[in-house]
Amino acid sequence: MRHTIIVMEEITITQNGFDSLYMSYLYGKVKERFSFLPATCDLQRKGDHACLQFTADSAYCPYVRKFAEEHISDVIAIGYKYAYFDRRLPLPMLTKPQRRVLLTALVAADYHEDKAFIAKRIRGFSQYCLDGVFHFRLQELKKRWDGIVDYIPTDMGESATEGFLEFLVEDGVGKLYVKSGNVYDADYHPLKRSLLTGVESVVGEIILGGAERVYCFGETDEETRAFLKKYYGKKGIFC
């Protein structure tokens, strides 16, 4: 009788310190997506860093790795970029909510290009160190972000912020759905990327979604309704 030999493979993601924001996001995504597999997925502290380990039959690992790389790219293209701008753009002329909206819009403006750039530089690894990837493999990307920081005037105010948001919305593609405080893409997949900016919000999710139209079902909170009416006009549809 022949016995099938199962070869197990491990995918590891680490981050210096123990930032629950990014690592918990990745852990939740990977664990939810591959819960049907005979595999283990653990998030733990190891010394001075956080470590996410996913162990499964090597036959499944290429799919897990591709999925993990997609969301690592999100963490850097959204989370790291937002934090990068947050440290360098005080923007004293804006209120805290206005500043958060502007920083989120700056992240969203080049989101797809940034994500594609990151994905190319992390493809096919078995171990991913988020901070190492960011500091040593993405120097060109950081230079682009520095260029954006240099371009934004210190005294940027409400009018300029609104103009930038109007430009961003006009350039939108596709559609989003909002229901019961949750945002969904065109295929009805729930979106939680605004978590990576430190605050989960419907408005943040809409900005990051970069859609041309937004459909709202049921009750809509006042902040979201006001944002859609101001920037989307007739392209914000309340059902």
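The values are calculated or read from the model by the stated rules, or taken from the named source; none is laboratory data. Remember, predicted model here, so these are calculated numbers, not experimental data. Cβ placement follows ideal geometry from the backbone for every residue including glycine, while neighbour counts extend to all protein chains displayed. Just the protein is used for accessible areas: all its heavy atoms, side chains included, with ligands, DNA and RNA removed. Shrake-Rupley method; radii C 1.70, N 1.55, O 1.52, S 1.80 Å.
When you scan region 32-86, how many residues do you find that are open to solvent by less than 30 Å² (accessible area, probe 1.4 Å) and acidic (Asp, Glu)?
The total comes to 2.
Looking only at region 1-31, filter to residues that are modelled with pLDDT under 85 and among the β-branched types (Val, Ile, Thr); which one of those is least open to solvent (accessible area, probe 1.4 Å)?
Selected residue: VAL7.
What number of residues in region 198-230 are of a type in the set (Phe, Trp, Tyr) and surrounded by 19 or more Cβ atoms within 10 Å (Cβ to Cβ)? Lay out the reasoning, then the answer.
Let us first name the residues in region 198-230 that are of a type in the set (Phe, Trp, Tyr), namely 215, 217, 227.
Next, from what is left, pick out any that are surrounded by 19 or more Cβ atoms within 10 Å (Cβ to Cβ): 227.
Count: 1.
Just the residues that are assigned to a helix (DSSP H, G or I) and open to solvent by less than 70 Å² (accessible area, probe 1.4 Å), please, taken from region 129-151.
Scanning region 129-151 gives LEU130, ASP131, GLY132, VAL133, PHE134, LEU141, LYS142, TRP145, ASP146, GLY147, ILE148, VAL149.
Would you confirm whether any residue within region 111-128 is in a helix (DSSP H, G or I) and either farther than 25 Å from ILE11 by Cβ or polar (S, T, N, Q) (or both)?
Yes, that holds for at least one residue.
Within region 156-170, is even one residue surrounded by fewer than 16 Cβ atoms within 10 Å (Cβ to Cβ), outside any strand (DSSP E or B), free of Cβ contacts under 8 Å to residues at least 60 places away in the same chain and under 18 Å from the mean Cα position of the chain (by Cα)?
Scanning region 156-170, I find no residue that is surrounded by fewer than 16 Cβ atoms within 10 Å (Cβ to Cβ), outside any strand (DSSP E or B), free of Cβ contacts under 8 Å to residues at least 60 places away in the same chain and under 18 Å from the mean Cα position of the chain (by Cα), so the answer is no.
Would you check which residues across region 108-128 are touching a Gly at 6+ places or on another chain (Cβ under 9 Å) and either among the polar types (S, T, N, Q) or surrounded by 18 or more Cβ atoms within 10 Å (Cβ to Cβ) (or both) and list them?
ALA108, TYR111
Among the residues that make up region 207-224, is at least one of them over 17 Å from LEU168 (Cα atoms) and assigned to a helix (DSSP H, G or I)?
Yes, there is a match, as at least one residue in region 207-224 is over 17 Å from LEU168 (Cα atoms) and assigned to a helix (DSSP H, G or I).
Does region 72-121 hold any residues that are among the β-branched types (Val, Ile, Thr), free of Cβ contacts under 8 Å to residues at least 24 places away in the same chain and within 25 Å of LEU52 (Cβ to Cβ), and which are they?
none
Considering only residues that are touching a strand residue (DSSP E or B) at 6+ places or on another chain (Cβ under 9 Å) and either acidic (Asp, Glu) or under 22 Å from GLY124 (Cβ atoms) (or both), which ones fall in region 20-30?
Within region 20-30, TYR22, MET23, LEU26, TYR27, VAL30 meet the criteria.
Which one of these does HIS135 not meet: (1) closer than 20 Å to THR14 by Cα; (2) in contact with a His (Cβ under 9 Å, 6 or more places away or on another chain)?
(2)
Keeping to region 87-97, report how many residues are open to solvent by less than 100 Å² (accessible area, probe 1.4 Å), in a helix (DSSP H, G or I) and within 17 Å of ASP150 (Cβ to Cβ).
So the answer is 1.
Which residues, taken from region 176-197, are touching a strand residue (DSSP E or B) at 6+ places or on another chain (Cβ under 7 Å) and open to solvent by less than 90 Å² (accessible area, probe 1.4 Å)?
LEU176, TYR177, VAL178, ASN182, VAL183, TYR184, ASP185, ALA186, PRO190, LEU191
Does any residue in region 47-62 that is part of a strand (DSSP E or B) come within less than 8 Å, Cβ to Cβ, of a residue that is among the aromatic types (Phe, Trp, Tyr) and surrounded by 13 or more Cβ atoms within 10 Å (Cβ to Cβ) six or more places away or on a different chain, and which pairs are these?
Cβ pairs passing all conditions: HIS49/PHE18; ALA50/PHE18; LEU52/TYR27; PHE54/PHE34; ALA56/PHE34.
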